[in-house]
Amino acid sequence: MDLVDILMVGVSAVLLHLWWRFSSSSMVSGNLPPGPPGWPLVGNLVQVILQKRAFIFVVRDLRKKYGPIFTMQMGQRKMIIVTSSELIHEALVKRGPQFATRPPDSPIRLVFSVGKCAINSALYGPLWRTLRRNFATELVNPTRIRQCGWIRRWAMENHLERLKKESHEKGFVEVMSNCRLTICSILICLCFGAKISEEEVKSIETVLKEVMLMTTPKIPDFFPVLAPIFRRQMKLARDLRRRQMDCLLPLVRARRAFLRGGVCDINMEMASPVGAAYVDSLLGLQVPGRDGSRPLGEEELVTLCSEVISAGTDTSATTLEWALLHLVQDQNMQNKLYEEIVGLIGNDGRPVAEDDVEKMDYLGAVVKETFRRHPPSHFLLSHAATEETELAGYTVPAEASVEFYTAWVTEDPALWERPDEFRPERFLNGGDGVDADVTGTKQVKMVPFGAGRRICPGMNLGTLHVHLMLARMVQAFKWIPVSDYPPDPTEAFAFTVVMKNSLKAAIVPR
Ligand code: HEM
C-alpha cells in the first residue's frame, strides 16, 4: 500500500462514517416494505456475498419468505424488490410514468454510459424520449426491418455453413457461441451498414461481453462513497472503455466518410445504402443539451451502437439455446416443428423466409414457451420512482432502485398449470397461455421484454431473429443429443440466465 492508498482509505472511512450518521438520522419513514434484517453499515450485502451465488437465486428464495414486495439494503443502495403480477402491473402499466426512470449509475457504469447517454440508462425525460423515438423510427420500424432483410439472409447463410463446418470438424456444434456470433454480425451490420469479417465480429463480441460483465453490480457499486479506494477497478473500467472505443470508433468513422463522400476510407464493405444504418440517424440527430439541442459526440455514438449490439445479442442467443435444448431432448416436438415448416414451404430447398415465420403457429408456441420457461433476464433493468411514492401501502423512496423480479410470474402456479413443464401446446387451442399478452398491457402473466414505458423497444426485431434462426436451423438439420455431452438444463447467471454447461448437439443435414 503506498501513501496515496493509505490516505484514500482514511478519507473513505471518514466519508463512510459521515454517510452512515447522515443516513441513520435522515432514515426514510418506517413504512418501507419488510425485508431481511441487515448488519450495520453493510445492510444485507455481506449476507448475499456469503451465499456465493448469483443475486437472482438469492432473491428466488427470499421471495418465498417476504412475498410480493420487500426491501434489501445493499451497502448504500436501497432496493425494493417487486415480485407479484399485480404489483408489477400496477407499477409499470397503470402508474407507468411514476416508475419509468432509472436509478443513478455507479461510477463504473457511468464510464460506459458516458453520463447516462443511452436509451437503457437515460433518466425518464427529454434525452430518453429523443433517443428512444429515433430508435423506434430509424432501426425497428417495420419498413426498415423489411429493407434490412438481406442482412439476415446473408448472416443465415454464413451461420448454416459455419455449423456444417464445425460439425464436420468436431462431430457436434456449440449452439450458444454460433448463435451469438450470427446475431452479433446482424446487429453490427444494422448499426454500421458494414459487412465485416467473422474475426472482427468476434473481437467486438468479446469486448462487449467484457463490458457487460464489468458493469454488472460489484462491491464498489454498493458504496459510491468509497469510490476513492476503488481506483484500480476504475482504471480497469477506463482501459476496457478504451478498447471498446478502439474497436467501434473506426466503424463510426468509416460510415461517416462513406456518408460524406460515398467512399469508405478503411478496407470495409459498406453494404447498406445511405440512411439505412442506425448510426446514420444518430449522426444527424440533435439531442437536448444544457443550452438547447446539440449533436452527439463520438463517445456517445459508440455507446448507443454498443447498446443495440449488447441488448440484442445475448437475449436472443440465450432464447435459441434453451429452445434447442428442448427440441434436442424431445424429438417428437422437433418433428412437429419440422413438419410445420415442410407443410408451409414444401421440400424443394427454398429457405424459410421472414414472411413465413408469422404463419407458423407451432414455431410461435415453441418460442413463447421458451420465453416463459426460460426468460433471458429474471429481472428487468433497474427502475426507480420519479419521486417518493407508495406501492402496496409501502413507501418507495425516490433514491431506491426498484427491481422487478419478473421470472416469478412465469413460475406462479396460480397463473400457470404445471409451470415447470415445457409445453408449447399451452399457447395453442385454448391452453393456459393463449390469453398471455407478452406486452403485459392487460395483465402481467409473462413479460420477457418488460412492460409499460420502458418495455424493450427491440422486441419485434429480437423475436424475428429468434423465429427465423430457429426455423432455418430446424429446416436445415435434424438436431440430436451428443452422448459425451448430455444436455444439462442447470441454470447459471451470465448477464442473462444461460445453461451452465452450454448446449452441444449433433446435426444431420435434412
Ligand atoms: C429476445 C430478445 C430480447 C429480450 C428478451 C429483451 C428484453 C429486454 C428487457 C427485459 C428490457 C428491460 C425493460 C425494462 O427495464 O423495463 C429491455 C430493454 C431494452 N432492450 Fe431489449 N430484449 C431483447 C432484444 C432486444 C434487441 C434486439 C434490441 C435492439 C435492437 C433491444 C434493445 C433494448 C433497449 C434499447 C432497451 C432499453 C429500453 C429503455 O430503457 O427504454 N432489445 N430488453
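Every number here is computed from the coordinates shown, using simple stated rules; none is lab data. This is a predicted model, so every value here is computed, not measured. Here the Cβ is made from the backbone with ideal geometry for all residues, glycine too, and neighbour counts use every protein chain on show.
For the chain, a crude dipole built from +1 on the beta carbon of Lys and Arg and -1 on the beta carbon of Asp and Glu, taken about the Cα centre, is about 880 debye to the nearest 20.
Expressed as a fraction of 2.2 N^0.38 Å, the C-alpha radius of gyration for region 31-509 is 0.98.
If each DSSP helix of 4+ residues adds -39,500 (n - 2.57) and the sum is divided by the residues in the chain, what number results at 222 nm, nearest 500 deg cm²/dmol? For the chain, the value works out to -16000 deg cm²/dmol.
Under 14 Å from the Cβ of Asn178, count the other residues' Cβ atoms, weight Lys and Arg +1, Asp and Glu -1, and hand me the total.
-1
With θ taken as phi - 60° and the Karplus curve 6.51 cos²θ - 1.76 cosθ + 1.60 applied, the whole-hertz 3J(HN,Hα) list for region 318-329 is 4, 4, 5, 5, 5, 4, 5, 3, 5, 5, 6, 6 Hz, x standing for glycine and proline.
Whole-Hz Karplus values for region 218-224 come out as 9, 3, x, 5, 8, 9, x Hz, taken residue by residue from phi with 6.51 cos²θ - 1.76 cosθ + 1.60 and θ = phi - 60°; glycine and proline positions read x. Here Lys165 is the anchor, and the aspartates and glutamates within straight C-alpha reach of less than 18 Å, apart from those fewer than 8 places off in the same chain, are Glu157, Glu174, Glu198, Glu199. A straight line joining the Cα centroids of region 350-383 and region 393-419 runs 22 Å. Amide H to amide H, with H built 1.01 Å from N, Leu391 comes under 5 Å of Val396, counting only residues 5 or more places away or on other chains. Of the trypsin sites (Lys or Arg not before Pro) found in region 325-433, those in coil by DSSP whose Cβ has at most 14 other Cβ atoms within 10 Å are Lys359. Helix 198-215 and the long axis of the chain differ in direction by around 30°, with both axes built from C-alpha atoms. Model label points for Val508 and Asn460, set 7 angstrom from Cα along the Cα-to-Cβ axis, are 4.0 nm apart. Gain on full extension, evaluated as 0.36 nm per residue between Arg260 and Arg132 minus their Cα-Cα distance, stands at 43.5 nm. With R₀ fixed at 56 Å, the C-beta to C-beta distance from Phe57 to Asp355 puts the FRET efficiency at about 0.85.
Taking the Cβ of each residue in His374, His89 as the centre, tally the other Cβ atoms inside 10 Å and list the residues starting with the fewest.
Numbers: His374 25, His89 21.
Listed from fewest to most nearby Cβ atoms, that is His89, His374.
Distance between the pseudo-spin-label points of Leu283 and Lys164 (7 Å out from Cα toward the beta carbon): 3.6 nm. Put simply, the amide H of Val482, placed in the peptide plane, has neighbours under 5 Å in Ala506, leaving out anything fewer than 5 places away on its chain. Neighbours of Asn134 by Cβ distance under 15 Å: Lys/Arg scored +1, Asp/Glu scored -1, total +1.
Since only Ile145, Cys117, His374 are under comparison, the one whose Cα sits farthest along the positive direction of the charge dipole of the chain, derived from C-beta charges on Lys, Arg, Asp and Glu, is Cys117. Between the beta carbons of Glu198 and Ala494, assuming R0 = 25 Å, the FRET efficiency works out to 0.70 to the nearest 0.05.
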